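Remarks on the structure that follows.
The values are calculated or read from the model by the stated rules, or taken from the named source; none is laboratory data. Bear in mind the structure is a predicted one, so any value in this text is a computation, not a measurement. Virtual Cβ from ideal backbone geometry, glycine too; neighbours counted across all protein chains shown. Keep in mind that these areas ignore ligands, DNA and RNA; they rest on the heavy atoms of the full protein, side chains included. Shrake-Rupley method; radii C 1.70, N 1.55, O 1.52, S 1.80 Å.
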Amino acid sequence: MKRRLFAALLFMLLLTGCGGKTVPPPPEEPDIPPAEAPEAPPEEPQEPEPPEDPEEAALLALLEDMTLEEKTGQLFFVRCPAENALEDVTTYHLGGYLLFGRDTQDKTANDLIQTIASWQTQAAEYDTGIPLLIGVDEEGGTVVRVSSNPKLRSRKFSSPGKLWKEGLDALLRETREKSILLKSLGFNVNLAPVADVSTNSGDFIYDRTTGMDAEETADYTARVTEAQSFYGLGSVLKHFPGYGNNKDTHTGVAVDERSMETFLEQDFLPFQAGIAVEETVWPSGELRRLRPAVLVSHNIVNCMDPNLPASLSPEVHRILREDLGFDGVVMTDDLAMDAVKAYAAEGNVAVMSIQAGNDLVVTTDYRTQIPRVIQAVRDGALEEEAVDAACLRVLRWKLELGLLERTEEGTLGPAL
């Protein structure tokens, strides 16, 4: 302040001396307090993060602890071998065994129960601690791996067409009996219902279907899926995207020339109906989620992918995942069938099937295919993330099936 007053007086004197007139000093600048920084707006309260699903966290922790070999083995739902079945559970860390007529023929119920229990003990106590999927094709009619043995049931289960014609009560009664029988023997997955639409008795698949139109087949598929889920038995909807009038893919390539409109208006309907059956009230009164799995055929469907069998086609799997909204387990038909052999580069059919989007590989040739998948990951030909994603879906299905349960520590262990 003093410095400004002195400068003003000096300026006046200079002016007076020059012109004889007194010029008033410039107005004194007022003291202006420094501007205060604007107050920061009050922080908005942070939304609390939703609590993590403890079951999903346990699944991810289990996956994190698994080796590449263990994760790969879980992706194989294999035909039970005639020899070394017990040893192979630990050698290959298998996801499950699929039993055929050879494996149940002439067996008593106790024989089957003890054999399956030994495999489960091997997996739970001497390998990964993750129980096996134990599956069978017990469709009824022409495909009956269990009830074809009179020691296990006095007569074969009826075909879907026969049951559907007899009415809903007959269908539910037999599905209940079938589910209870399979569960009592140690099975946890039935590769049924057949969701294919066929109304022509000349079709290869006809005898395995209801023989009815898409709407009635959809109703049948939903009823069987829900009934099997009620008893804790996993369902497998087959053969996506719909078998139609194609020939037998066990013996050669089948090419489906039908339009996409046909699939949208007919063949997809039963699969959509089965997929929609997710939550079921179990006998305990508990509401449980048990999604069905979907099995993909080896048919080449020209309107979706004219170059690859459906089981090896990324586009067919995209349609199932994105267009139909399916987020459960997808499995191949048996990769040992003739319809896929010609399409596998250097025999790496299992690698191709995982690249396409399958979670479970159904095959007889697992002793060759498992090492090839592991090597493909190590070579960079197959992303390990694809193996992880598939394995996580398999583990989640096993949790839904009641094969895994949370321990007091919050981890997952065998529920056997």
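Scanning segment 165-214 for residues that are buried (at least 18 other Cβ atoms within 10 Å of the Cβ) and more than 29 Å from the chain's Cα centre (by Cα) yields one hit, 203. For segment 114-128, indicate whether the set of residues that are in contact (Cβ under 8 Å) with a residue 12 or more places away in the chain, in a loop (DSSP other than H, G, I, E, B) and open to solvent by 10 Å² or more (accessible area, probe 1.4 Å) is non-empty. The answer is yes; a qualifying residue exists. Inside segment 258-277, can you point out the residues that are open to solvent by 20 Å² or more (accessible area, probe 1.4 Å) and either more than 17 Å from residue 219 (Cβ to Cβ) or of a type in the set (Ser, Thr, Tyr) (or both)? Once the filter is applied, which keeps residues that are open to solvent by 20 Å² or more (accessible area, probe 1.4 Å) and either more than 17 Å from residue 219 (Cβ to Cβ) or of a type in the set (Ser, Thr, Tyr) (or both), segment 258-277 yields 258, 259, 260, 261, 262, 264.
Here residue 255 clears all of (1) within 24 Å of residue 334 (Cβ to Cβ); (2) surrounded by 14 or more Cβ atoms within 10 Å (Cβ to Cβ); (3) in contact with a strand residue (DSSP E or B) (Cβ under 8 Å, 6 or more places away or on another chain); (4) not small (Gly, Ala, Ser) except the condition numbered (2).
Can you name the residue in segment 272-291 that is of a type in the set (Asp, Glu) and part of a loop (DSSP other than H, G, I, E, B) and, of all such residues, is modelled with the highest pLDDT? Only one residue fits best here, namely 278. Cβ separations smaller than 7 Å between residues 6+ apart or across chains give the following pairs from segment 186-197 residues that are on the phi > 0 side of the Ramachandran plot to residues that are open to solvent by 10 Å² or more (accessible area, probe 1.4 Å) and not in a loop (DSSP other than H, G, I, E, B): 186/113; 186/117. The condition of being open to solvent by less than 10 Å² (accessible area, probe 1.4 Å) and in a helix (DSSP H, G or I) does not hold for residue 294. Just to be sure before I move on: is residue 304 in contact (Cβ under 8 Å) with a residue 12 or more places away in the chain, in a loop (DSSP other than H, G, I, E, B) and buried (at least 16 other Cβ atoms within 10 Å of the Cβ) in the structure I sent? Taking the combined requirement at face value, the residue satisfies it. Among the residues of segment 154-163, are any in contact with a Gly (Cβ under 7 Å, 6 or more places away or on another chain), assigned to a loop (DSSP other than H, G, I, E, B), within 18 Å of residue 402 (Cβ to Cβ) and not polar (S, T, N, Q)? No, there is no match, as no residue in segment 154-163 is in contact with a Gly (Cβ under 7 Å, 6 or more places away or on another chain), assigned to a loop (DSSP other than H, G, I, E, B), within 18 Å of residue 402 (Cβ to Cβ) and not polar (S, T, N, Q). From the list 352, 331, the lone residue that is assigned to a helix (DSSP H, G or I), on the phi < 0 side of the Ramachandran plot, modelled with pLDDT of 95 or more and surrounded by 23 or more Cβ atoms within 10 Å (Cβ to Cβ) is 352. Summed over segment 49-98, the residues that are on the phi < 0 side of the Ramachandran plot and in a loop (DSSP other than H, G, I, E, B) give a count of 16.
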